[in-house]
Amino acid sequence: MHWQPDTRFGDNMSFPVFADLELARRLERSEANAGARCVEARSRWSPEGGAEWREIAGTYAMFDGPASPITQTFGLGLFAEPTGVDLDRLENFFQERGAPVSHEVSPLAGLSVADFLSRRGYRPVEFTSVMYQPLRAVPDSACATNPRLGARLMQPGEEELWSEISARGWAAEHPELQEMLFSFGRLIAACQGSLAFFAHLDGEPVAAGVLWRHAGVALFGGACTIPEARKQGAQRALLEARMSVARSSGCDLAMMCAQPGSASQRNAERQGFRIAYTRIKWRLANPSEGG
């Protein structure tokens, strides 16, 4: 599949960009690519951990340690109809490494994939709203709304600061991720194709986010604000800064993911994103869980 930018709508391009199989393939491959780049960076950074990824029947299978959220697959059923042999290979990839077997599956893969997974002993364990919008020219309005705010790229040597801001932003909702988040800044800095951003209030960093670019898709991830600086526009500043960089890099489509009904989803919808589909994470049950 070769990506070509859609120029039919010019700088004011807006919907329609339909939530069809072609769009799902672009979005899911973009997120899979980001995960694969993280795995490669982890392998360079900590080769003793055995981080590795493979493509099996169009599906990206990624191992970043048994407890890592990156350890899963993307794209199952979108690029090829999975067979029993394909699932055997994917399951063996994780089980040989002592990791749970998890697949992020778009509904555009079809009911047959969900039925296949169910019959093999998989259970749904998570929903994700996958959102998108065509990239457009974005005015520098966040600073106009709050002149105390700004946003910028992380500079070399600021990896620890980015990790600290990210960990503080996420710790209240996800305290179990704090240790991982402190090390994530270095990983992001080592990942090919990623750009880390700060939002700052009165010159002090208060929010962090990441931009990934792949085949014309700009994936916005990891955005959070420290609790004491929330509701002042930091997330909007981060989003607009990343949109500007993505557009100048030739991307024509923006992507975000969030928990359904969450504040993150509402913020994304306020900024013009719409839901393409709700993705399901399927996990293979352990024998001890009763099949």
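Read the figures in this text as sums done on the coordinates, not as results from a lab. Computed from a predicted structure; not experimentally measured. Heads up, the Cβs are rebuilt from the backbone with ideal geometry, glycines too, and the neighbour counts pull from every protein chain shown.
Remarks
- When GLU31, GLU48, GLU55, GLU159 are arranged by Cβ crowding within 10 Å, least crowded first, meaning fewest neighbours, the order is GLU48, GLU55, GLU159, GLU31.
- Candidates ALA80, ALA167, ALA190, ranked by Gaussian network fluctuation over the chain, Cα under 10 Å, top entry: ALA80
- Percent RCO, i.e. relative contact order, over the chain, from Cα pairs under 8 Å lying at least 6 residues apart: 24 percent
- Taking PRO82, PRO16, PRO260 in turn, the Gaussian network model of the chain (Cα-Cα springs below 10 Å) assigns the largest fluctuation to PRO16.
- Mean shadow area of the chain over all directions, Cα convex hull, nm²: 15.3 nm²
- Theoretical ellipticity at 222 nm over the chain - DSSP helices of four or more residues, -39500 (n - 2.57) apiece, nearest 500: -10500 deg cm²/dmol
- Fewest neighbouring Cβ atoms within 10 Å first, the residues LYS281, LYS231 line up as LYS231, LYS281.
- Debye log10 I(q)/I(0) at q = 0.15, 0.20, 0.23 Å⁻¹ for segment 136-251, Cα point scatterers: -0.61, -1.06, -1.31
- Highest-fluctuation residue, ALA196, ALA229, ALA254 considered, GNM on the chain with Cα pairs under 10 Å: ALA229
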